[in-house]
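The values are calculated or read from the model by the stated rules, or taken from the named source; none is laboratory data. Keep in mind that what you see is a predicted model, and the values were worked out from it rather than measured. Methodologically, a virtual Cβ is constructed for each residue, glycine included, from the backbone with ideal geometry; neighbour enumeration extends over all protein chains shown. The protein model used for the area step is the full one, side chains on, heavy atoms only, and it has no ligands, DNA or RNA in it. Shrake-Rupley method; radii C 1.70, N 1.55, O 1.52, S 1.80 Å.
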There are 2 protein chains.
Amino acid sequence: MSNPLNFEVNATEGAARAALLTTRRGVIETPVFMPVGTAGTVKGIRFEELESPELDARIILSNTYHLWLRPGIETIKACGGLHNFIGWNRAMLTDSGGFQVWSLGALRKITEAGTEFRSHIDGSLCFLSPEISMEVQAALNAEIAMAFDECAPGEATHDEARQSMELTLRWARRSKDAHVAQIANLRYRQALFGIIQGASHLDLRRESLDRTVAIDFDGYAIGGLSVGEEKGVMMEVIEDLAPRMPADKPRYLMGVGTPEDLIEAVARGVDMFDCVLPTRNGRNGQAFTSRGKLNIKNARYALDQQPLDENCACSVCNRHTRAFIRHLYQSGEMLASILLTHHNLAFFLDTMKGVRQAIRSDQFAKFRREFTEQMHCGLES
Amino acid sequence: MSNPLNFEVNATEGAARAALLTTRRGVIETPVFMPVGTAGTVKGIRFEELESPELDARIILSNTYHLWLRPGIETIKACGGLHNFIGWNRAMLTDSGGFQVWSLGALRKITEAGTEFRSHIDGSLCFLSPEISMEVQAALNAEIAMAFDECAPGEATHDEARQSMELTLRWARRSKDAHVAQIANLRYRQALFGIIQGASHLDLRRESLDRTVAIDFDGYAIGGLSVGEEKGVMMEVIEDLAPRMPADKPRYLMGVGTPEDLIEAVARGVDMFDCVLPTRNGRNGQAFTSRGKLNIKNARYALDQQPLDENCACSVCNRHTRAFIRHLYQSGEMLASILLTHHNLAFFLDTMKGVRQAIRSDQFAKFRREFTEQMHCGLES
């Protein structure tokens, strides 16, 4: 079975790197932002827009937990796998469900075997384990699957974080074994990424990294950040960890973050990101712009004839004013969410395009400085 | 001041006619369906899609009542009129608000002067009259404005319908006078359409028509249909009335209807239509297809790999299956509304394109028969 991914770093500047990640469904230039398509749809946007040259999203993320509960894996299998079911022909990554069930809090119970939880849809009792997650992800058949992990809260003590990390390592082993057992049944081998845990404790993070790499995955993710830890701790962990991660494999920072977070993590050596911020905040009336966040609800925009971001070339900024988008938002019109989502995704994807170009032309330090300075001009300060 | 509209009939078949309606914002081929953009947005779809060759909507409708209440006319004036405010550069028609305030039922009180009502947004007391409606519509500055009318319920008695009709005629006179008084202040003269009322009573309808025509408008609309009258009565009124309407002016049937209704009204001589059905029903999970309505909630579609309509060439039918759209709907995903709205509008607009081509090639009778037969195959029967 051939290697499911080819990862080739072709430029570096400091710890930052630009690479080509080749999958059977296209080439992904990294650093890359993956829009989140939880239930098989990136909320509020059509696939045609995601594929358009303006956005050109090469890979999206889907959530195993959500799709497993609804429509259910039998439906997706009967419809020929996730790509075919949803009509998306580019690359996809599925998370494992580990983080989602962990997020259910009081609704879930974690044991050695796996996680028992109540469905957020109908309250029914469900059980997810490394083996089940791998089976579901194989059926979804995304290009990249993730190991089933447990997350520790940001403020976890050393003892708590170690216990959680050890469990994640045992689950990583079981995920890998289940994945290997499945390979024989698949026409194409999926890539499988391992997930590094350890909360805010650098010694645990390093140990988690070494022992995860020892299991041998196609790429490595940093999990359990941006989950309540103190500000600054996240970057400290990334700065310590990323350069120690295998240089010949993609490095994926899960669930992060703002445009500034992305750029700071790229500067520390991260290649891949996903986050609900552009889509979720868009639906809540927030635009990301080159001069910081903009809350369209704000009365100051009632007569504002400017686009969301004067430096943005997206189709929303080309056509519509803040005044109109505010009116749509205040009127509860779906188009407010559609336009804000589109602009925010364009802003995130365009920022990453700028990042890649900067690294390739050895201008990333300058790009990072200017981006950060402009961000702090503060539209609404 | 030049004529704001040019209307040129260039093909007829029986009472059906195909024409070109030329406005300062483009040529509209009739018979035409106008998507409804109540609050300055056709719900759930971007203007780029409406303008695409696939849909090619040449004119949309906006509601004076909604825009007057929110964002308010001062905002729209400050933003350079409605086209500029919303970013739509093709033709528009605004209704007068008459029907909307009438629809408020117990919340409104109709007097000779106008209609007093409570805002559906904040309950504040408002007053709309022919003069105010004309002033607001002049500020909105659509290509076509409508006279301020009163609607009688479908089951109105002869006496009730006469009273309502007489009031509408007095308001039509006042609308025209206000419009004429405004012309001096406008760079371009808007077209103004009169509205024929009279409920289900043919004698009143004919009288309303004659007396409305005597006031002299740029086009004539049939109002007060599809508001509770018995099935069959609507077509009876249209059949009697449409051929008596001036042949050299556009004939507009307000707020109607299903694709079958449109074709039957075209067969009786109607040129223009608007209706919320494709957008509203789309949001509620209903698709219009060449074989009748399809309710995507229906469990029979859970594994259905077919497009919404096998005879539809729209981008939704080209890409997505019923199974996926049903999944989106069941999951409460916005994309369900977006895709169903797009398909439904494509279906309505494409049907009207077929109607125009059929009339121009003297094939409308055949088109109408085949369309109707196929519709009654009944996807869900």
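The table that follows gives values for the structure above.
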quantity	calculated
Unique residue being crowded, with 17+ Cβ neighbours inside 10 Å and away from chain B (no Cβ under 13 Å) when the list is A:PHE324, A:PHE348	A:PHE348
Selection status of B:ARG280, within 13 Å of chain A (Cβ to nearest Cβ), open to solvent by 10 Å² or more (accessible area, probe 1.4 Å), under 29 Å from B:ALA199 (Cβ atoms) and not acidic (Asp, Glu)	yes
Qualifying residue in the stretch A:87-110 (condition: assigned to a loop (DSSP other than H, G, I, E, B), open to solvent by 20 Å² or more (accessible area, probe 1.4 Å), modelled with pLDDT under 95 and in contact with a Phe, Trp or Tyr (Cβ under 6 Å, 6 or more places away or on another chain))	yes
Subset of the stretch A:302-316 [within 11 Å of another protein chain (Cβ to nearest Cβ) and closer than 16 Å to B:GLU48 by Cβ]	A:PRO307, A:SER315, A:VAL316
Residue selected from the stretch A:265-299 under the condition without any contact (Cβ under 8 Å) to a residue 40 or more places away in the chain and in a helix (DSSP H, G or I), by the criterion nearest to A:ILE28 (Cα to Cα)	A:ALA265
Breaking point among (1) assigned to a loop (DSSP other than H, G, I, E, B); (2) more than 18 Å from A:ASN281 (Cα to Cα), for A:MET352	(1)
Scan of the stretch A:353-381 for residues that are surrounded by 20 or more Cβ atoms within 10 Å (Cβ to Cβ) and aliphatic (A, V, I, L, M), ordered by number	A:VAL355, A:ALA358, A:ILE359
Yes/no for A:ARG108 being out of contact with any Gly (no Cβ under 9 Å at 6 or more places or on another chain) and free of Cβ contacts under 8 Å to residues at least 12 places away in the same chain	yes
Number of the condition not met by A:CYS317 [criteria: (1) farther than 24 Å from A:VAL256 by Cα; (2) open to solvent by 30 Å² or more (accessible area, probe 1.4 Å); (3) under 26 Å from the mean Cα position of the chain (by Cα)]	(2)
A:LEU140, sole failed condition from (1) in contact with a strand residue (DSSP E or B) (Cβ under 8 Å, 6 or more places away or on another chain); (2) buried (at least 18 other Cβ atoms within 10 Å of the Cβ); (3) at pLDDT below 95	(3)
Test set (1) open to solvent by 30 Å² or more (accessible area, probe 1.4 Å); (2) assigned to a helix (DSSP H, G or I); (3) closer than 19 Å to B:LEU5 by Cβ - B:ARG189 fails condition number	(2)
Residue within the stretch A:39-56 that is part of a strand (DSSP E or B), surrounded by 20 or more Cβ atoms within 10 Å (Cβ to Cβ) and of a type in the set (Ser, Thr, Tyr) present	no
Enumeration of residues in the stretch B:263-277 that are of a type outside the set (Lys, Arg) and either open to solvent by 10 Å² or more (accessible area, probe 1.4 Å) or within 13 Å of B:PHE348 (Cα to Cα) (or both)	B:ILE263, B:GLU264, B:ALA267, B:MET272, B:PHE273, B:ASP274, B:CYS275, B:VAL276, B:LEU277
